[in-house]
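Just so you know, all these numbers are worked out from the coordinates, no wet-lab data involved. All values reported here derive from a predicted model rather than from experimental measurement. FYI the Cβ positions are ideal-geometry reconstructions off the backbone, even for glycines, and counts take in every protein chain you see.
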Amino acid sequence: LGNLGRLLFARMGSSFDEDPKRYRLCSDILYDLGLGLEIATPDFPSRVFLPVAAAANALKAVAVTMGVSSRASVNKSFSLRENLGDITAKGDAQHVLANLLGMFVGIHALRVYPWMSLKNRLTFFTCLTAVYSYANFKCLQAVSFRMLNRQRGNLAVD
């Protein structure tokens with residue numbers, strides 16, 4: 001289901017270049033929704049476990065397609081010396097480190113609090129996600145493009 005969603009969503013490829021900041025933030029929101037649903041999946045009744053897990057996977061897969069596609073434009077804006085490969089590799093390394101740190105914190109939290117309720121798991125997840133989302137928003141504010149996005153282009157024409 002996730003791969004099917006990615007294929008269908010990939011048709012929007014050119015849209016990602018029109019407003020990469022918006023799509024980058026949207027990809028984070030979709031991915032976070034998928035992760036939240038994934039965290040809650042074990043607490044769903046067994047009869048809906050598989051559809052809920054598939055929906056979480058589909059949200060994450062679509063978000064990955066959107067994020068990777070829009071990240072290319074963001075990375076390109078940093079490439080002042082034709083070093084896009086280097087910038088992409090370093091960005092990916094930061095992403096991997098952040099994921100490993102998050103996984104470590106999550107595993108440690110479950111060891112310390114194995115009885116953690118769904119409400120507490122989602123609260124913990126929401127707090128960490130809010131910090132990440134704010135940092136990502138501030139990072140994207142620092143990115144400048146040599147083009148106008150569709151919204152600003154329409155304002156300039158009017």
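Observations on the structure shown:
- The simple spin-label model puts a point 7 Å past each Cα toward its Cβ; for Asp43 and Ala98 those points are separated by 2.6 nm.
- Whole-Hz ³J(HN,Hα) from phi, Karplus 6.51 cos²θ - 1.76 cosθ + 1.60, for region 20-36, glycine and proline x: x, 5, 4, 5, 5, 5, 4, 5, 5, 5, 4, 5, 5, 4, x, 5, x
- Here Thr88 and Tyr132 are evaluated by their C-beta separation; at R0 = 35 Å the FRET efficiency comes out at 0.95.
- Efficiency of FRET between Leu118 and Ala142 - r from beta-carbon atoms, R0 30 angstrom, step 0.05: 0.25
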